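Colleague: Okay, handing you the structure first.
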Amino acid sequence: MRTRPIAASLLGLLATSCHDSPSGPADPCVLRDCDVREADCHEHVAAVLACIRGSEHPLPAIEILTASEYAEKHPPGPPRTPEEQKQFEQLVRAYVLLGWLAPDWTEPTSPAAIGAPYFSYDFETGTVTIIADGSQPQSELYSLLYVLGLAARDSESDIHGLSLAEAATFDSKRALASLYAGEATLYADLAWIGDRDYEATASRLSYLNVMNAVREQLADVAVPWGAALSGFTFYFGANYVLGRYLDGGPEAVTAAYDDALASTAHALGGDLDIDAAFSAIDTALPEPPPEFTYLVQDSYGPALLQMHRVRRDGVASTPFAEQNLAREWVGDRLVIAASDTDERVAVVWQIAGPGGEIAETIVLAGDDDTLAAFESLFLAP
């Protein structure tokens with residue numbers, strides 16, 4: 001499992017982030033400027049993170065590549081088969097029905113070329129990849145903080161193993177990502193500010209402004225759902241981890257990997273004390289209408305339900321609505337069905353109530369006949 005590449009434009013956006021130490025302080029726990037392509041810089045950044053985390057880990061494997069070397073090592077995959085392309089297009093139509101994609105969304109004709117700066121951490125191999133040319137030293141240094149923060153967490157928690165053993169649904173996988181991305185963001189920000197009194201720094205830290213920017217993305221159908229969800233993962237995740245850190249330091253953050261993996265309700269609710277008995281909806285599905293097949297059956301969670309609701313209703317996402325949803329969250333099942341013979345698709349989203357029963361059912365389809373067929377299956381008394 002590979003993390004999303006770190007785009008420097010997404011990171012270090014806090015107004016309080018003011019790292020500027022050209023001569024380099026003597027204190028080994030305070031970040032100094034260094035060249036991310038050099039081994040002593042890797043060691044220094046890891047040492048600063050160890051001071052913040054209260055634990056030290058060996059450096060991960062680090063590969064430094066040029067953009068052309070990376071492209072050669074990671075050639076594009078084969079094109080989709082006709083069946084894969086058909087299923088992809090069916091899913092796109094379902095995401096449009098949900099409001100997660102704009103009706104005129106089109107897939108990019110070719111993936112964006114990887115260039116400097118680019119940083120990633122691969123949880124399966126434990127390897128950091130760096131493409132940097134020194135032209136953006138501050139962005140590069142911040143990104144190194146972030147990926148080495150991921151590596152440190154991986155040393156303690158085995159994120160790939162957790163993803164296989166604990167993160168069984170889309171919602172729980174995104175909950176795990178919100179934890180490790182949020183933790184790495186928080187610790188990178190604490191290091192970046194340059195004050196070794198980390199608790200005092202954390203008490204002054206706020207993600208409110210950047211979370212409000214993410215809320216605008218959650219409500220904007222022109223923003224593809226993957227991009228909006230990425231912002232949620234980084235910054236709602238960081239806000240949640242900040243609360244844990246303020247409650248009990250790095251030990252409380254580590255404990256979150258035992259008790260906050262079930263759902264994005266934790267990141268969505270922020271400082272709420274959520275003690276929900278999460279419950280999957282696993283009742284048998286009815287047979288689909290003739291010529292239809294179920295493509296997807298999964299729990300997508302409250303963060304994406306909130307995105308659907310605000311885009312459907314044309315309203316802003318607010319902390320009040322988010323916390324209410326997080327507080328009441330039990331579970332869900334999202335089902336996407338597609339025709340075997342034409343372009344018809346349907347979406348059925350079942351939301352669990354307090355006892356795990358189905359309390360709300362959302363049915364969407366691209367045409368009236370399909371809508372009526374699925375409503376008769378899922379909404380009939």
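The values are calculated or read from the model by the stated rules, or taken from the named source; none is laboratory data. Not measured: the values here are computed from a predicted model. Here the Cβ is made from the backbone with ideal geometry for all residues, glycine too, and neighbour counts use every protein chain on show. Areas reflect the complete protein model, heavy atoms only, side chains present, ligands, DNA and RNA absent. Shrake-Rupley method; radii C 1.70, N 1.55, O 1.52, S 1.80 Å.
Colleague: Looking at A200, A222, A228, A167, which is the one that is part of a helix (DSSP H, G or I) and surrounded by fewer than 24 Cβ atoms within 10 Å (Cβ to Cβ)?
Modeller: Among A200, A222, A228, A167, only A200 is part of a helix (DSSP H, G or I) and surrounded by fewer than 24 Cβ atoms within 10 Å (Cβ to Cβ).
Colleague: Please work out which residue is farthest from T318 (Cα to Cα), limiting yourself to region 260-273 and to residues that are in contact with a helix residue (DSSP H, G or I) (Cβ under 9 Å, 6 or more places away or on another chain) and open to solvent by 30 Å² or more (accessible area, probe 1.4 Å).
Modeller: Once the filter is applied, the top-ranked residue is A262.
Colleague: Being open to solvent by 20 Å² or more (accessible area, probe 1.4 Å), among the small types (G, A, S) and outside any helix (DSSP H, G or I): is that true of A280 here?
Modeller: So A280 passes the test.
Colleague: Pick from region 287-329 the residues that are among the charged types (D, E, K, R), in a helix (DSSP H, G or I) and at pLDDT 95 or above: which of them is most open to solvent (accessible area, probe 1.4 Å)?
Modeller: Ranking the qualifying residues of region 287-329, first place goes to R312.
Colleague: Another question about this same structure. Among the hydroxyl-bearing types (S, T, Y) and modelled with pLDDT of 50 or more: does that describe S17?
Modeller: no
Colleague: Additional query: Taking region 331-357 only, how many residues are touching a helix residue (DSSP H, G or I) at 6+ places or on another chain (Cβ under 9 Å) and open to solvent by 30 Å² or more (accessible area, probe 1.4 Å)?
Modeller: 3
Colleague: Which pairs do you get when a residue that is not in a helix (DSSP H, G or I), found in region 134-158, comes within reach of a residue that is not charged (D, E, K, R), reach meaning Cβ atoms under 6 angstrom, with the pair 6+ apart or on two chains?
Modeller: Taking only residues 6 or more apart or on different chains, the pairs are Q136/P117.
Colleague: Scan region 111-129 residue by residue and report those that are assigned to a strand (DSSP E or B) and either of a type outside the set (A, V, I, L, M, F, W, C) or open to solvent by 10 Å² or more (accessible area, probe 1.4 Å) (or both).
Modeller: Y118, S120, Y121, D122, T127, T129
Colleague: Right, something else. Within region 67-99, which residues are within 25 Å of Y118 (Cβ to Cβ) and either part of a helix (DSSP H, G or I) or small (G, A, S) (or both)?
Modeller: Across region 67-99, the qualifying residues are A67, S68, E69, Y70, A71, E72, K73, G77.
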